[in-house]
Each structure stands twice: as structure tokens, then as C-alpha cells.
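Taking it in order: structure first as C-alpha cells, then the write-up.
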Amino acid sequence: MPDPADRKALREEASVWLARMKGPEAQQSRFAFEAWRRADPAHDAAYRNLEQSWRDSGLIAHTDTGRARSLSRVRVPFHGMSAWQKTAAGVAGIFIVLAVSLILYHTLTARFAVSQLANAVGVPRSVRLADGSLVTLDTDSAITARLGGSRRSIHILRGRVRFDVAHDPAHPFVVDAGAGEVVARGTLFDVDITRPALAVTLYRGAIDVQMEDHRGVVGATRRLAPGQRLVGSDTQPVIAAAPVGADRWAGGILSFDNVPLADVAAQANRYSSHHIHVASAIAELKVTGAFRAGDNATFARSLGAALDLPVSADSDGDWELGPR
């Protein structure tokens with residue numbers, strides 16, 4: 001059963017989105033709202049329930065009960081007003097409703113910051129969250145951040161992300177990566193969901209990782225130490241030393257240590273619209289080195305020179321690495 005604090009936090013989050021989607025920022029917020037709504041069925045349910053309550057509160061004014069409640073609070077007979085007084089009263093009422101809505105919206109937003117962050121294909125970029133944590137999004141990566149309530153919650157939608165978490169023992173920093181959940185309080189780590197198996201790499205501090213298999217079975221919590229990487233797609237992940245240079249991607253550098261050429265090309269292709277294609281006959285050749293991401297033309301020529309392979313460009317600007 002969901003934690004009461006989490007249910008309350010979700011209701012507050014849905015309230016922020018309702019205020020935003022019923023207000024002047026609706027069009028600008030549509031993309032982020034739909035991403036939040038699709039991220040979890042609970043998000044959609046909470047929003048629908050709140051929206052229905054909002055509609056019901058508007059409809060009650062047209063019932064006998066609603067009219068009776070309204071009349072009991074009237075102090076000045078409306079029918080005794082002149083036309084311009086009625087108009088002024090109506091306008092004043094509209095302004096009061098708008099003012100209350102804006103106060104509610106800004107109060108909830110301040111208490112419960114919700115945002116979606118995304119990075120297109122290209123070099124990594126860093127963003128400072130409202131709690132002071134620094135998030136670095138790799139190429140073609142996106143997250144939803146929910147800061148408020150009893151914990152700080154991040155949902156990774158795609159890609160690879162680095163978290164430099166601001167220390168706050170009272171509010172754990174929880175990252176939902178689909179196949180697993182990472183809990184931190186003040187630390188530095190990467191979460192990568194670009195491959196079939198989730199990868200979590202810790203550089204500083206300590207984090208707890210809990211995996212979940214395709215049946216929804218949750219495994220034991222595992223604590224990582226700095227320099228360790230957890231890799232797995234079920235409740236029995238493997239923990240080992242992080243590869244040398246694993247932390248360099250945030251600076252736009254790709255590091256490989258005895259990695260098959262096909263995998264190297266696949267990683268490089270994530271950073272560019274012009275791809276490197278590798279012939280099947282040389283797909284398993286091993287590559288060791290460091291290269292700057294995003295410049296596949298230079299990367300392809302460097303690979304060709306290092307491995308003594310022919311390199312050619314096609315009419316689309318892609319690069320072909322052929323057998324010797």
C-alpha cells in the first residue's frame with residue numbers, strides 16, 4: 001500500500017498541474033504535463049480525480065443546494081444594484097477568483113517544484129535543480145523531477161544521467177530507473193538506461209539500489225561503495241569495479257577499454273546525426289582509447305587509422321568502416 005506521505009505528495013503535485021493546465025501557462029506546459037502524466041498510471045489517476053472534483057465544485061453552483069449556499073452568504077441584495085454596479089461586482093468577483101487561483105498555484109509550485117528536463121542529440125548539459133542538486137543529462141536523455149513532500153523523486157524517461165546530489169538527510173533523493181530504484185542523500189553517481197541492462201555507477205558517497213524483475217518481484221537492497229558499478233536487469237545484478245574513464249562522458253569524452261568495435265560505433269552514434277557503420281566481419285575488433293563525442297567524421301578516421309581499416313563516406317554523410 002502506498003505511503004500516506006507519498007499519496008499526499010502526489011495529490012499536491014497533481015494540484016500544481018491542474019492549476020497550471022487551467023491557467024494561462026497551459027499551452028507552454030502541455031509537453032511537460034503529458035510526459036509527467038504518462039510516466040506513471042498513478043499520476044494520471046491522481047490528476048483525473050482532482051480534475052473531476054474541480055468540475056463537481058463548479059457544477060454545484062447550479063444545484064438547489066449550491067444556490068441556497070450562495071444566497072445564505074449574500075449580504076447586499078444583488079437585485080437592488082444598478083446595471084453598472086452589477087457589472088462592477090461581476091468583474092470584482094472574477095478578479096477575486098483569479099487572484100485566489102494564482103495564489104494557490106504559486107504557493108503549491110513553491111512547495112512542490114515539478115519539472116521535466118531533456119537534452120537533444122549532442123553534447124551533455126548540466127542543470128541545477130531547485131534543491132541545489134546538479135543534474136547532467138547525456139545526449140538524447142530526459143527526466144521528470146518532483147521535489148517536495150517527504151522525498152525528492154526523479155524518474156528517468158530515457159538516456160544516461162549524472163546526479164550530484166545536494167546533502168539533505170531529511171529528504172532522500174530517489175531515482176526511478178524502471179528496472180531499479182536508487183536512493184541517495186548526498187552523493188555523486190550515474191544511472192544509465194540506454195542498454196538492455198540498467199547500469200548504476202557510484203563516484204562519491206553511498207547509494208542503495210533495489211532491482212525489480214519483469215514480474216514485479218523486488219530484490220534485496222544493495223549498497224554501492226565509491227568506484228563500484230552495478231549492472232543488471234533482474235533481482236540478481238552484478239557489482240564490479242567501474243571501468244577506467246567511466247566518469248569522463250559528462251565532459252564529452254568517450255572512453256573504451258577493450259570494447260568491441262560495433263559497440264564503440266553504437267555509443268558514438270548516440271551523439272551525432274551522421275552515423276558510423278561497421279562491417280560484420282570486423283564488428284568484434286577491440287578498441288581502447290578516448291575520443292571526443294559528437295564529431296563522428298574525426299572519430300571514424302581515427303578508428304580507421306588505429307585499426308588499419310578502410311574508411312569511406314556515403315552520400316548521406318554517414319561513415320563506413322570496412323574489413324581490411
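Taken together, the values in this text are just the output of simple stated rules run on the coordinates, not laboratory data. Quick caveat, the model's predicted, so the values are computed rather than measured. Neighbour counts run over all protein chains shown; Cβ positions are idealised from the backbone, glycine included.
Some observations on this one:
- Positive-pole candidate from A265, S255, A313, dipole of region 252-321, charges at beta carbon: S255
- Net charge of Cβ neighbours under 9 Å - reference H171; Lys, Arg +1; Asp, Glu -1: +1
- Contour minus Cα-Cα distance for D308 and D140 (0.36 nm per residue): 57.3 nm
- Beta bridge orientation in region 227-324: antiparallel %, DSSP, nearest 5: 80 percent
- Count Lys and Arg as plus one, Asp and Glu as minus one, and take only other residues whose Cβ is under 11 Å from that of T139; the net charge is then +2.
- Around N258: net Lys/Arg minus Asp/Glu count, Cβ-Cβ under 12 Å: -2
- Rg then Dmax, both in Å and based on the Cα atoms of region 123-172: 11.0, 34.
- Here the extension length gained between I239 and R158 equals 26.9 nm, from 0.36 nm per residue of separation less the Cα-Cα distance.
- The base-10 log of I(q)/I(0) for region 125-248, evaluated at q = 0.10, 0.11 Å⁻¹, reads -0.26, -0.32 [Debye formula, identical scatterers on Cα atoms, solvent excluded].
- Gyration tensor verdict on region 198-305 (Cα atoms; rounded if a/c is under 1.5, prolate if a/b is larger than b/c, oblate otherwise): prolate
- Largest-first principal axis extents, alpha carbons of region 137-196, Å: 33, 19, 17
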